[in-house]
1. Quick one: residue 231 ticks every box in (1) within 15 Å of the ligand (Cβ to nearest atom); (2) under 20 Å from residue 134 (Cβ atoms) bar one, so which box is it?
2. Among the listed residues 174, 200, identify the single one that is within 16 Å of the ligand (Cβ to nearest atom) and in contact (Cβ under 8 Å) with a residue 40 or more places away in the chain.
3. Of all residues in segment 265-277, how many are away from the ligand (no atom under 11 Å from the Cβ) and touching a strand residue (DSSP E or B) at 6+ places or on another chain (Cβ under 7 Å)?
4. Evaluate the following for residue 66: is it touching a helix residue (DSSP H, G or I) at 6+ places or on another chain (Cβ under 9 Å), without any contact (Cβ under 8 Å) to a residue 40 or more places away in the chain and surrounded by fewer than 20 Cβ atoms within 10 Å (Cβ to Cβ)?
5. Inspect segment 247-257 for any residue being away from the ligand (no atom under 12 Å from the Cβ) and farther than 30 Å from residue 161 by Cα and give the result as yes or no.
6. Report yes if residue 180 is more than 14 Å from the ligand (Cβ to nearest atom), over 16 Å from residue 148 (Cβ atoms) and surrounded by fewer than 24 Cβ atoms within 10 Å (Cβ to Cβ), otherwise no.
7. Under 9 Å by Cβ, and 6 or more places apart or on different chains, what pairs join a residue from segment 237-261 that is free of Cβ contacts under 8 Å to residues at least 24 places away in the same chain with one that is within 14 Å of the ligand (Cβ to nearest atom) and in a strand (DSSP E or B)?
8. Can we say residue 262 is crowded, with 19+ Cβ neighbours inside 10 Å and within 16 Å of the ligand (Cβ to nearest atom)?
Ligand code: HPA
């Protein structure tokens, strides 16, 4: 046993603990989804479209943390979408809420133990790329792990090989085949005019970025900035899941000192509302092709 407060006690979830949660879920639903979706801020209504639903509020699931952000429902929804069994996280856990990276990513390991093979992540983000418009959907082609640069990577600490390898390759983080499928699907449903493809950068938050920080991120090659997704993708790749990421550009970041524009959470939620349906349709049509 390690002393309380030691490194391993911070990494709260062992393989056995993840398995315990997965086994509990498997015992409480007959569904065996191969696709999991993490719904971002205001994008949780996708789960409402599911048929044959089994809903587990996070607080009912052994060891599951509870989400604290307004606009995040906080439940795991199993059901069928276009005839396919899927599981949706309606509300995710954020580092800025005070959860450590292992807690933020714990549901992904549970998904893997449930037999999930593909993870779809959605989020809201600020557009750094000057050619992006509010309401654009960005297909995430790569990511920048800012908290990782600062030592906050969910894979820090002892590695359990039952999940994955110690040194994980991240040059194929987002599945190229799934990106092609997503692009085709967007064309078919006529939303390719607002589909972008770019690099998502995660910052810890909860503060939005200063003007100087936005300029740094632009210089680094990021097209959009947000406060989530990256740790979940790291852990998903660690346990061998294929990943597709879709980011809704809810605001343009401010990069000029003369600008009087100010980003706020209400604006972010409002944009999400207007585009949520397109994004849901994209995900739902895509599901049939996976
Ligand atoms: N910055 C960080 N996170 C965000 C933003 C932003 O501008 N918009 C939505 N999430």
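1. Looking at each condition in turn, residue 231 falls short on (2).
2. After applying the criteria, what remains is 200.
3. Number satisfying all stated conditions: 1.
4. On the way: touching a helix residue (DSSP H, G or I) at 6+ places or on another chain (Cβ under 9 Å): yes; without any contact (Cβ under 8 Å) to a residue 40 or more places away in the chain: yes; surrounded by fewer than 20 Cβ atoms within 10 Å (Cβ to Cβ): yes.
It is true that residue 66 is touching a helix residue (DSSP H, G or I) at 6+ places or on another chain (Cβ under 9 Å), without any contact (Cβ under 8 Å) to a residue 40 or more places away in the chain and surrounded by fewer than 20 Cβ atoms within 10 Å (Cβ to Cβ).
5. Yes; the residues of segment 247-257 include at least one that is away from the ligand (no atom under 12 Å from the Cβ) and farther than 30 Å from residue 161 by Cα.
6. Working: more than 14 Å from the ligand (Cβ to nearest atom): yes; over 16 Å from residue 148 (Cβ atoms): yes; surrounded by fewer than 24 Cβ atoms within 10 Å (Cβ to Cβ): yes.
When the stated conditions are applied, residue 180 passes them.
7. Final answer for the pair search is 261/251; 261/252.
8. Judged against the criteria, residue 262 is not a match.
Only the coordinates and a few stated rules stand behind these numbers; no lab work does. In this text, all values refer to a predicted model and were calculated from it rather than measured experimentally. Cβ atoms come from the backbone with ideal geometry, glycine included; neighbour counts cover every protein chain shown.
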